[in-house]
Amino acid sequence: MSRHDEVERDRDISDESIEREDFRMKRITSGRVRLASLLVGLLVAPWIWLQAQQPARGPVPIDSDDIGGVVTGPKGPEAGVWVVAETRSLPTGFARMVVTDDQGRYVLPDLPRGEYEVFVRGYGLIDSPRQKSKPGQQLNLTAQPAPNPAAAAQYYPAAYWAGMMDKPISAGCLACHEIGNKATREIPASITKAASSSLEAWDRRTAMGPEGGGMFASFKRLGADRQVFADWTDRVAKGELPRQTPPRPVGVERNLVVSWWDWGTKVDGRTDAAASDTRNATINADGKVYMVSRSDDVMAVLDPVEHRAQVVKIPSSAPFVADKSPRSAYWGEEAIWKRQAEPRSVALDDRGRVWLTARLREKPGLPAFCTSDTNKFAKYYSAASRGGRGGGGAYGDIGRQLIMYDTKSQQFTPIPDTCFTLDHNQLGPDNYLYFGSNNVVFWLDTATWEKTKNTEASQGWCPAVVDTNGDGKITEWTEADAPPDPKKDQRLNFGCYMVAVDPLNKNGVAWCGDNGRLTRVERGSNPPQTCKAEMYKPPTGHTPEVTGDGHAAVDEQGVVWMNWRGSQHLTAFDRRKCKVTNGPLAATGQACPEGWSVYLKDAPTYAGTNIQSHMTYLSQIDRHDTLGLGRNLPVYGTVNTDMLVAFRPDRREFVSLVVPYPMGFFSRSANGRIDDPKAGWKGKGLWSSFSTYIPWHVEGGMEGHGSKAVKFQMRPDPLAK
């Protein structure tokens, strides 16, 4: 197949014809949870969704590369259920899934040649028998109602099961994997047989596997609250079911087309995905998609046109970690996560090159210039100022550095002499590659590095010093742990797990979401002398309060969108509304309450609380309308709900982008790409990945599914072909 066989260029499809949803998420003002709505699941059987519709007349129009038909249940056509087509006819596993319209009709568009197994999945149902089909065929399907509530609940996202817990408990679990899926709500018999109680079984299971040491330490810190987990799995084992039920897709959610490809390995632990340059979505059109696996030192590569996947080993001189690990209930004594490079993030530049962070150094220790007065940045704020760790991280001063992969030559170029440990990255409008690192924003000037290969001359950093004396510039400052001095400025400690670069500000403005606050760091024209920071905290008075660490993203108006991993809010901060950005109030974070807008999506909650039983992850901005819901669209992943979430600012409404199969979709990032600007919705898409650290927890377990690249596209309507 050529790269454009699947695109009908003569079809005139307007992106503006996307239908308006019939639901609207209102802006949160009081934040109150309507408890009555949560009790519906106790009173109504899961097959509430089986609604009779007017029967469709005639066959559903399709093309020679489509499969279409009608899904019918006992009461008539089934609306808002998924039709999944999966094939093993291609070089790598592939599936495409769509949602039925209000008459139960569906069209699976533009399928690659092959033989497919097609089935129906939906809330209130069990999976229908798989039927074989090929593109160009009409295929009517029969929905299978769940015979009882227990059977229906097996298809609920993990958050609905986790919501059965008596109170919200956080041990950091959701940063790596789901809580509430089948793998966690049930305990393997090999563990329970060796334990005298359910609590002991939980102590044992958290101490097992490649991350057993750290996981058990986090779990033990919960103390007596560990019993909440034990009581929960006991109740599940006795047949107790979630009290809340998930809604089916409605409105524009029914226009979604989800496609995935198998890639990587069975043990991958994923982080960021890159399909294009975030600054220009037309870069790398029809090209390969890249992602890194922290757990086994590989970069996964997908050619979505040829449907081929490969893995590329990332070179490293760093010492091995996890070469020994506790016994796993799944993998036995095998050290499946023995690794050196431990890559974390990936970005494409305007030349299609891939920039990665990875452990590269053979020995601990920083380059001498990182702490020397001969380096202007080190003299201004030494890397040693960070408690002597400088380029440290999880493994001492080795940390992670930078490595570039040239997609044309297929060669890696390591850049090991960076002064700070590096994590998630983002390219700015100045061709600087920015990183967040505790207490600094760090950058590499890619143009200077390309020209000189001089790492010292190419890198720099800014601490966060706030103009608290109000003179309009940064002069002598007090340290973060010292009392404020009204005559001086003040440095702040801050975290920056995910850096967000202002796409239009040429002064090098980066934003960092931290625990309970948002920090702005401006590089200026002559850093470090022109480095300047601001800090803002969200307003109080919401129920629940806006809490947790946040991950920021900046749209083309300079508005900073951030998800909060404690309360699961989405906030927008518009600095243009601020009356005060410096002076004594600036160091408190309370200088600009007028800049904030706060939103909260409906989601399942823990029993008897208004705390949601999922966790939002990284935020991104779809600046170029690659998904099909408009420019400057905030998007974020959620752990435990099998979806990405998009927010439409003009309508103040959330849109759920569900991956129904296999259960266990966990996204850390998303990256849009335009392959053909003239092809309407078919010529673009938003790319993400199954990003759990434990792919064997995904539906099917050890014999089921591994890592997958996922593409999201919005059609004008559910039957667009």
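For this structure, a couple of remarks:
- Entry note, the chain: relative contact order of 15 percent, from Cα contacts under 8 Å with a spacing of 6+ residues.
- 3J(HN,Hα) couplings calculated from phi for segment 703-720 with the Karplus curve 6.51 cos²θ - 1.76 cosθ + 1.60 (θ = phi - 60°) are, in sequence order, 9, x, 9, x, 6, 9, 8, 10, 10, 10, 9, 9, 8, x, 7, x, 10, 4 Hz; Gly and Pro show x.
- Under 5 Å from the amide H of Leu644 lie the amide H atoms of Leu657, Val659, each residue being 5 or more positions distant or on a separate chain, with H modelled from the backbone and absent for Pro and chain starts.
- Proximal aspartates and glutamates relative to Lys288, as straight alpha-carbon distance under 18 Å, when same-chain residues fewer than 8 apart are discounted: Asp5, Glu6, Asp262, Asp272, Asp277, Asp303, Glu306, Asp349, Asp350, Asp406, Asp675, Asp676
- Segment 152-195 and segment 303-369 have Cα centres spaced 28 Å apart.
- Estimated FRET transfer efficiency when R0 is 25 angstrom, pair Ala384-Lys473 (beta carbons, to 0.05): 0.45
- Taking θ as phi - 60° and the Karplus parameters 6.51, -1.76 and 1.60, the scalar couplings of segment 138-147 work out to 7, 9, 7, 10, 10, 6, 10, x, 5, x Hz in sequence order, x denoting glycine and proline.
- Spin-label model, Arg235/Leu90: points 7 Å from Cα along the beta carbon direction are separated by 4.2 nm.
- The peptide list 136-148, 86-98, put in order of mean Cβ contacts within 10 Å with the highest first, becomes 86-98, 136-148.
- Residue order for Ile179, Ile191, fewest other beta carbons within 10 angstrom first, comes to Ile191, Ile179.
- The label point for Asn505 and the one for Asp650, both projected 7 Å from the Cα toward the Cβ, are 2.6 nm apart.
- Cysteines in the chain lacking any other cysteine Cβ under 4.7 Å from their own Cβ: Cys173, Cys176.
- Three-way shape call for segment 577-719 based on the alpha-carbon gyration tensor, with the a/c threshold at 1.5: oblate
- In plain terms, the chain from Asp406 to Ala195 could stretch by 70.8 nm, reckoned as 0.36 nm per residue minus the Cα-Cα distance.
- Shape of segment 165-237, Cα gyration tensor, a/c cut at 1.5: rounded
- Helical runs (DSSP H, four residues minimum) scored at -39500 (n - 2.57) apiece and divided by the length of the chain put the mean residue ellipticity at 222 nm at -2500 deg cm²/dmol.
- Shape category assigned to segment 324-466 from the gyration tensor of Cα positions, a/c cut at 1.5: oblate
- At most 12 other Cβ within 10 Å, DSSP loop - trypsin sites (Lys or Arg not before Pro), segment 195-243: Arg221, Lys238
- Extension gain, Asn431 to Lys453, is 6.4 nm, computed as 0.36 nm per intervening residue step minus the present C-alpha separation.
- The H on the amide N of Ile415, modeled in the peptide plane, is under 5 Å from the matching H of Leu402, Ile403, Met404, each at least 5 residues off or on a different chain.
- Converting phi to 3J(HN,Hα) with the Karplus coefficients 6.51, -1.76 and 1.60 and the offset θ = phi - 60°, segment 606-621 yields 5, 4, x, 9, 9, 8, 6, 9, 9, 9, 6, 10, 7, 8, 9, 10 Hz in sequence order, with x at every glycine or proline.
- Taking label points 7 Å from Cα along the Cα-to-Cβ direction, Arg221 and Ala322 give a separation of 1.9 nm.
- Extension gain from Ala482 to Lys266, taking 0.36 nm per residue of separation minus the Cα-Cα distance: 72.8 nm
- Counting neighbouring beta carbons within 10 Å and listing from fewest to most, the residues Met498, Met404 come out as Met404, Met498.
- Filter on Lys379/Lys488; Lys379/Lys577; Lys451/Lys532 - keep pairs with C-alpha separation over 24 Å: Lys379/Lys577; Lys451/Lys532
- For Val639, the residues whose modelled amide H falls within less than 5 Å of its own, excluding neighbours fewer than 5 places apart on the same chain, are Met615, Thr616, Tyr617.
- Recomputing Cα extents along the principal axes in Å from the coordinates shown identifies the correct label among [x] 86, 58, 55; [y] 97, 65, 54; [z] 77, 65, 54 as [z].
- Distance-filtered residues of segment 220-252 - backbone nitrogen under 14 Å, label point 7 angstrom along Asp102 Cα→Cβ: 250-252
- Loop-located chymotrypsin sites (Phe, Trp or Tyr not before Pro) in segment 270-376 (DSSP state other than H, G, I, E, B) with a sparse environment of at most 10 neighbouring Cβ atoms within 10 Å are absent.
- Where GluC sites (Glu not before Pro) fall in DSSP loop in segment 495-581, at most 13 other Cβ within 10 Å: Glu556
- DSSP bridge pairs, segment 263-714: antiparallel proportion in percent, nearest 5: 95 percent
Each reported figure results from applying straightforward, stated rules to the coordinates on display, with no laboratory input. The structure presented is a predicted model; accordingly, all values stated were derived computationally and were not measured. Quick reminder, even Gly has a Cβ in these numbers, built from the backbone with ideal geometry, and neighbours come from all protein chains shown.
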